[in-house]
Every structure is written in structure tokens, then in C-alpha cells.
1. Answer yes or no: is there a residue in region 294-307 that is outside any helix (DSSP H, G or I) and not aromatic (Phe, Trp, Tyr).
2. Could you say which residue among 31, 66 is acidic (Asp, Glu) and at pLDDT below 80?
3. So which of 173, 179 is open to solvent by 10 Å² or more (accessible area, probe 1.4 Å) and closer than 20 Å to residue 197 by Cα?
4. Please enumerate the residues belonging to region 264-319 that are of a type in the set (Gly, Ala, Ser) and in contact (Cβ under 8 Å) with a residue 24 or more places away in the chain.
5. Could you go through region 224-234 and let me know if any residue there is under 25 Å from the mean Cα position of the chain (by Cα), surrounded by fewer than 24 Cβ atoms within 10 Å (Cβ to Cβ) and assigned to a helix (DSSP H, G or I).
6. How do the pairs read when you match residues in region 10-23 that are more than 13 Å from residue 39 (Cα to Cα) with residues anywhere that are of a type outside the set (A, V, I, L, M), using Cβ under 7 Å and keeping only pairs 6 or more apart or on different chains?
7. Going through region 182-199 one residue at a time, which ones are open to solvent by 10 Å² or more (accessible area, probe 1.4 Å), in contact (Cβ under 8 Å) with a residue 24 or more places away in the chain and either farther than 19 Å from residue 152 by Cβ or among the aliphatic types (A, V, I, L, M) (or both)?
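The values are calculated or read from the model by the stated rules, or taken from the named source; none is laboratory data. All figures in this text were calculated on a predicted structure; none of them were measured in a lab. Backbone-built Cβ (ideal geometry, glycine too); neighbour counts: all protein chains shown. For accessibility, only protein heavy atoms count, side chains too; no ligands or nucleic acids. Shrake-Rupley method; radii C 1.70, N 1.55, O 1.52, S 1.80 Å.
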Amino acid sequence: MTKRLAEVAKKAGVSEATVSRVLNGRDGVSEATRASVLTALDVLGYERPTKLRGERARLVGLVLPELQNPIFPALAEVVTASLAQRGFTPALCARTIGGVPESDYVEMLLDHQVSGVIFAGGSYALADASHEHYRRLTDRGLPVVLVNAGVDELGFPRVSTDDAVAVEQAFGHLRSLGHERIGMVLGPEGHIPSRRKLAAMVQAAGWAGDDWVERSSFSMEGARVAATKLIERGATGIICASDVLALGAIRAARRLGRAVPADVSVVGFDDSAFMTCTDPPLTTVRQPIETMGQSAVDLLVTQIEEGGVLHDELLFEPELVVRGSTGPAPR
């Protein structure tokens, strides 16, 4: 017990006597100090006294699908900083291949009595994935915000990039350069943001089928295989659903002996870190990550502090950033 008091006191920046007063429910402690002690208790993994377990900590979970794609660490930086400014402690949960599944992270966050959860790129974006763990959050009345498009029936508020505008910008850019055979490398069939991008492309290009679409996991090697098929069909321009996929498409072109952008132009999506340092620098559609991350925190904190459930989707306009991976269509 003494060790626990000392650890919690150090984490919260208060005296052991203050920690003792909080744990025993005594008066004489400000609400801010009390919240700090309870948060420290949760972060250190100690169970709360029974009479305090019904109260949520000022912890907020941030669940990411991975950290290898630079866009997710960039989002995490914005969200964690914004949460800290609002007096919340972020609990980062990043999934890895063969690691802890998203559903287990949800259980852990519920056990720690978090105040809310922000998800980015989780199972909610896949129509054919299990969504049962999200319903547990709904049943608990826990505030949740999703970053980018997800399945509609979950009913959580979303902060999304306007996929239709992104495709219009990329397609318009390639057409202005004279490209007529334009393909797309998208995520899996059930990936909701990819579905939105495809719908926008069908409208913009007047496609009657999906002959110019290839699906891939969000990996460079998967994109290389997908883009190879498009290039072999004659595509001179390729729009990709992420920067990682775009780098895979550039690799595909080079393995086929084609030059980028002289023979094949490639457009990414995200404008994640280091895309100015690739060879060639990547033309991409920039997601407004800083604004989106701050808006996600605002939506979550509004639910936490004011109560009620939000069902809105906020759409943010992306920006085409033209660099060296696109050029005039080959003659």
C-alpha cells in the first residue's frame, strides 16, 4: 500500500497524504487534484477503490491501426497535444501484425474507465469486419469519435477528409496533363473510404465498370502487384488511396522498365512525412491532419463535458500538392 501511495503521488505530483485523502473519499482536495490522482492511478494500472470505480478517469484512448504509415504518428501527435491542452491524458493503443487486436484494446480501455475513445483507421472502416466491440462502447454510453469514413450503422460522429473532392483534384490534375488511361489502386473491397473514392471516380471519369481499378492491402508490396496490372493494361496515370500505395506503384513502374513521370504518373493520398524526399517527390492529396485531429478532440470533449450523443460527420477539404511524380502523358 505504501509503495502504491508513493508511486501515485509521484505520478500525480502531489503528496502521499493527498493521495490517501482521495482514495478514502475525504474532503479538502480540489476537483483538479482529485482528477489527477485518479488518472495517475489508472495510468499506473492500479485498481480504484470500489466506491470510485463508477467514475471515469480523465483518460482518453487513441486507437491506431499501425505506426508504420507516417500519417498515423502525425495524427497521434496532434491528438495527444490537443488532449493534454484540454486536461486529458491520452492512452495510445497501436495495433501491429499479430499483436493486440482492436477489440482487446477496447476491453482494456473500458477496464481503465476512460472518458472517451478516438479511433483512426480501425475495423469501423471495413464493412465486412466485426463491429461488436464498438457496440460495447455504445452500450456503455462512452463518447467516441472516428477519424475518416466508417460504416454508417455505428452512429458515431466522424471527422473525415472529403474523398470525393480528393479524387476530383487528382483526376482533374492528371487529365490536365493529357492522361486518358487513368487507373486507381484502392484498399480492400469493404474499405469505406476506398468505396467513396471509387464512387467519385466513377462520376468524374464516367466509368461503366471497374476495369481500371485494382485492390490492395495497405502495403507497398501489395500496391506494387496491383499497379503492375494497371500499367500492363496501359494506364499512364495512377491515383492511389494512400502515399504508401503510391510508393508501391512507383516501384511497379520501375520494375517494368517505365520511368516516373515520363511514362507513368502517380498521385498519392495523405501527404505524410518525407513525401518530399522520395524519388521523385510525390504528388499527393494532402489531408488536413492538424485541423482534423483538433476537431476530433473538440467533438469528443463536447460529448464528455456536455453529455449527449453526436451523429455528425464533419468533412474537411483536402489540397492537391503537385510534385515530381506527375507529368505530361507520354505520346
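1. Start the filter on region 294-307 by keeping residues that are outside any helix (DSSP H, G or I), which leaves 307.
When the remaining residues are screened for being not aromatic (Phe, Trp, Tyr), the result is 307.
Yes, region 294-307 has at least one match.
2. Numbers: 66 fails: at pLDDT below 80.
Unique residue meeting the criteria: 31.
3. Numbers: 179 fails: open to solvent by 10 Å² or more (accessible area, probe 1.4 Å).
Step by step, each of 173, 179 is checked, and only 173 is open to solvent by 10 Å² or more (accessible area, probe 1.4 Å) and closer than 20 Å to residue 197 by Cα.
4. Within region 264-319, the subset of a type in the set (Gly, Ala, Ser) is 265, 268, 272-273, 293, 295-296, 307-308.
Selection gives 265, 268, 272, 273, 293, 295, 296.
5. Step one: of region 224-234, the residues under 25 Å from the mean Cα position of the chain (by Cα) are 224-227.
Filter once more, so that each one left must be surrounded by fewer than 24 Cβ atoms within 10 Å (Cβ to Cβ): 224-225.
In the following step, the residues that additionally are assigned to a helix (DSSP H, G or I) were identified as 224-225.
Within region 224-234, one or more residues are under 25 Å from the mean Cα position of the chain (by Cα), surrounded by fewer than 24 Cβ atoms within 10 Å (Cβ to Cβ) and assigned to a helix (DSSP H, G or I).
6. Here the result reads 18/33; 21/28, each pair linking region 10-23 to a residue that is of a type outside the set (A, V, I, L, M).
7. Answer for region 182-199, where residues must be open to solvent by 10 Å² or more (accessible area, probe 1.4 Å), in contact (Cβ under 8 Å) with a residue 24 or more places away in the chain and either farther than 19 Å from residue 152 by Cβ or among the aliphatic types (A, V, I, L, M) (or both): 192, 199.
Results for (1) aliphatic (A, V, I, L, M); (2) more than 16 Å from residue 287 (Cβ to Cβ); (3) in contact with a Ser or Thr (Cβ under 9 Å, 6 or more places away or on another chain); (4) surrounded by fewer than 16 Cβ atoms within 10 Å (Cβ to Cβ), shown as yes or no for each residue.
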| site | (1), (2), (3), (4) |
| --- | --- |
| 59 | yes, yes, yes, no |
| 67 | yes, yes, yes, yes |
| 79 | yes, no, no, no |
| 126 | yes, yes, no, no |
| 131 | no, yes, yes, no |
| 135 | no, yes, no, yes |
| 140 | no, yes, no, yes |
| 143 | no, yes, yes, no |
| 147 | yes, no, yes, no |
